[in-house]
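Take a look at the structure set out below.
Read-outs: derived from the displayed coordinates by stated rules, not from any lab. Bear in mind the structure is a predicted one, so any value in this text is a computation, not a measurement. Note that each Cβ is placed from the backbone with ideal geometry, even for glycine, and that neighbours are counted across all protein chains shown.
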Amino acid sequence: MKPSARRRLFRGVLYAVFVIVLAAVLFAADWEAIQTNFFNPEVAAATFPDVIVVAAKNTIIYTAIAFVGGLVLGLILALMKLSPVAPYRWVATAYVELFRGLPALLVIFGFAFAVPIAFDWRPPGGSAGAGLIALIIVSGAYIAETLRAGIEAVPAGQREAARSLGMNPSWTMVSVVLPQAFRIVTPPLTNELVILIKDTSLLFIAGMALNERELTTFARDSVSQSANATPLVIAALMYLIITLPLTQLVARLERHNKRGR
Amino acid sequence: MATNSPQKDRPAIEVRDLCKNFGDNEVLKGIDFHVDQGEVVCVIGPSGSGKSTLLRCVNRLEEPTSGTVLVEGVDITDPETDLDKIRTRIGMVFQQFNLFPHLSVLRNLTLAQQRAKRRPKAEAVEIARKNLAKVGLANREDAYPSQLSGGQQQRVAIARALSMNPDMMLFDEPTSALDPELVGDVLGVMRQLADEGMTMMVVTHEMGFAREVGDRVVFMDGGVVVEQGDPKEVLGNPQHARTQAFLSKVL
C-alpha cells in the first residue's frame, strides 16, 4: 500500500471509531427519562429568577472575595518565601505545604465548625464568612507558589538595572519586578481563578442561609424540593456562562500584554 | 580618609587590592585600579579575565571578597555607606540593555528619577526628554522597548543612566549584544559623552573605540591588571607577552 493510501485509511478508521462510539452513546441513552429528569421545562422555570439573582450572584461575589483575599495573602507569602530572614521563609513554606496538602473541603469544615469551638470565635458573616476565610487561606497557598515562580522568572538584569539606578529594594520590587511577574503568571493565575469559581461549591458544607446560597447549594436544595435533577443542569450552564467569557477575556489580555514584553 | 560625601578632588574610582571569589574560583586577584575625574578608561582582555566583575564591583552589584573600592573618596564597601545614594551618581549601561519592558521609553527614563531622586514628575520628564534628544531618540518616547532595535534600546539605556545626572558612567560591554551595523550609533553617543568630559569606565572589545576615545587602556588577564597606559602605546606596542597574544587575536 502507498504511504498516502495508508494515511487515508488510518484517518478513516479514526473517524469510524468516533462515529460508532457516538452512535452507541446516543442509542443507549434513555431520552425520555433524560428529558423528564434533566431538562424539565417546568422545574427549570421554577429556578428563575433566584438562580441568577441569588445563586449566580453569590458565586461571583464569593469568588471575587476569595480571589482578591488569596492574591493579597499569596503575595505576602511569596515575598516571605523570598525573604532573606530565614524564619519568614520557614513559616511561608510550612503554610504553603500544609494548605496545599489538605482538601479544601476539610479546611472549610474546620473553619466553619472546629475553629469557632476551639477559640470561642464567631466568624464574621456566619458560616458563609467562615467558609470564605477558609477559601482565602487555601487559595492563598496556591497563589503564593504561582507568584513566587513569577517573581523568580523576572530576569536578574531587571533587578540589577533598577538597583544600579539607585532604587531601593522595595521600589525595585513594586515598580520593576512585580509588574513583570504578574504578566508572566497571568495564565496560571487565570487557572487559579477558574478553579476557585468551582471551589465555591464546597461552601455548602458550612451550611448557609437561603439568601447566602451559591449555585451548587441552591441547585441541591432545588433538586430535593422538586425531586428532579433539572436544577443541576441549570447550575452547570451558569458555571459555564461565568467561566467561558473569563478565559476568553484573559486570553485577550495576554495578547495585549505581549507588546510590553 | 573615607567619608560619606563625595569629594571632587579625589579620583572618581579608586580600587585597592580588590579580590573577588565565586566559590573556589578566584576571579579578581588583588586589583589596583583607578579612574581620574574626567578620564575615559577602557578595560580590555579575554573573556573570563575578570574585567566585567571589576566593573560590577565598582557599584557593588558584586560584593567584593576583600579590598577597598572608593568612589569619589567614599568607601562603598563600608556597611554605613548609603549605597542607593552613591548609585545615583554612578550610571551603568549593561550588555543586555536591561530596559524595563513593561514601561514606555519615557517612563524608563523617569521612574528612577522619581523613585530614587524624588524629583517632581514635570522635572523628571523634562530631563528625560533632554537626554532622549541627546541620544537621537526624541521621537520615540512613547515606544516600548520591544518596538526598538538593539542599538536604539542601548541608546535609551544610556539616556536612562544619564537622566540621573551621574558623575561617572560604567559601560559593561555595551555593544557586544548588537548587530554589527548598529554598533556605530551607540559608540557615537559614547564618544560624544567622552568629548563632553564625562568620566567613563568602559569594558569593551571595540579596540578602535579604545584607541581613539580612551585616555588610558587597561589590559586584564586571569584576574590581574597585566599592562596599562596610553592606548596607542598599549595597543600599538604592547610590552607584555599576554597582551601581545591577546591583541594578535582581536586586531
Inset, instruction - With r as the distance between the Cβ atoms of A:R252 and B:Q7 and R0 = 56 Å, compute the FRET efficiency 1/(1 + (r/R0)^6) and round to 0.05. - result: 0.50
Legend entry - Cross-link table B:K8/B:K29; B:K29/B:K51; B:K134/B:K232, entries beyond 19 Å C-alpha to C-alpha: B:K8/B:K29; B:K134/B:K232
Inset, instruction - Could you please report the charge total around A:V54, scoring K, R as +1 and D, E as -1 over all other residues with beta-carbon less than 10 angstrom from its beta-carbon? - result: -1
Inset, instruction - Determine the shape class of region A:1-131: with a ≥ b ≥ c the square roots of the Cα gyration tensor eigenvalues, call it rounded for a/c under 1.5, and otherwise prolate if a/b is greater than b/c, oblate otherwise. - result: oblate
Inset, instruction - With all distinct Cα pairs included, what does the Kirkwood hydrodynamic radius of region A:64-168 come out to in Å, to one decimal, could you say? - result: 15.2
Inset, instruction - Please give the helix A:230-258 orientation as an angle from the longest Cα principal axis of chain A, in degrees from 0 to 90, rounded to the nearest 10. - result: 40
Inset, instruction - Compute the Rg to Rh ratio over chain A from the alpha carbon atoms, using the Kirkwood formula for Rh, and round to two decimal places. - result: 1.10
Inset, instruction - For B:Q37, list long-range residues whose amide hydrogen, built 1.01 Å from N in the peptide plane, is under 5 Å from its own amide hydrogen. - result: B:A12
Inset, instruction - Could you work out how far the C-alpha centroid of region B:175-232 sits from that of region B:66-134, in angstrom? - result: 21
Legend entry - Dipole-positive endmost among A:A29, A:P84, A:L98 within chain A (Cβ charges, Cα centre): A:P84
Inset, instruction - Report the antiparallel proportion of the DSSP beta bridges in region B:147-251 as a percent, rounded to a multiple of 5. - result: 50
Inset, instruction - Treating the angle as unsigned and between 0 and 90°, give the value, to the nearest 10°, between the Cα long axis of helix A:215-226 and the longest Cα principal axis of chain A. - result: 30
Legend entry - Segments A:88-100, A:19-31 sorted - mean Cβ within 10 Å per residue, highest first: A:88-100, A:19-31
Inset, instruction - Could you give the size of the charge dipole of the protein assembly as shown about its Cα centre, using +1 on the Cβ of each K and R and -1 on the Cβ of each D and E, expressed in debye and rounded to the nearest 20? - result: 1380
Inset, instruction - Collect residues whose amide H, placed 1.01 Å from N in the peptide plane, falls under 5 Å from the amide H of B:D221; neighbours closer than 5 in sequence don't count. - result: B:V226
Inset, instruction - Quick one: check the C-alpha center-to-center distance for region B:3-52 versus region A:1-43, whole angstrom. - result: 74
Legend entry - Estimated FRET transfer efficiency when R0 is 30 angstrom, pair B:S47-B:K121 (beta carbons, to 0.05): 0.10
Legend entry - Two-site label geometry, A:F119 and A:A94: point separation in nm, points 7 Å out along Cα→Cβ: 1.6
Legend entry - Likely footprinting exposure, A:M238, A:M167, fewest C-beta neighbours within 10 Å first: A:M238, A:M167
Legend entry - Sum of -39500 (n - 2.57) over DSSP H runs of 4+, divided by residues of chain A (222 nm, nearest 500): -24000 deg cm²/dmol
Legend entry - Nearest 10 degrees, 0 to 90: helix A:3-28 Cα axis against chain A principal axis: 70
Inset, instruction - Calculate, axis by axis, the spread of Cα positions in region A:1-42 along the three principal axes, and write the results as whole Å, longest axis first. - result: 58, 16, 7
Legend entry - Extreme residue, positive dipole direction of chain A, given options A:T186, A:A153, A:G126 (C-beta unit charges): A:A153
Legend entry - Long-range amide H partners of B:I31 with built H, under 5 Å: B:D17, B:L18, B:C19
Inset, instruction - Output ³J(HN,Hα) for region A:35-45: one whole-Hz value per residue in order, computed from phi by the Karplus curve 6.51 cos²θ - 1.76 cosθ + 1.60 with θ = phi - 60°, and x for Gly and Pro. - result: 5, 5, 8, 10, 10, 7, x, 5, 5, 4, 4
Legend entry - Given charges at beta-carbon only (K, R positive; D, E negative), |dipole| of region B:134-211 in Debye: 100
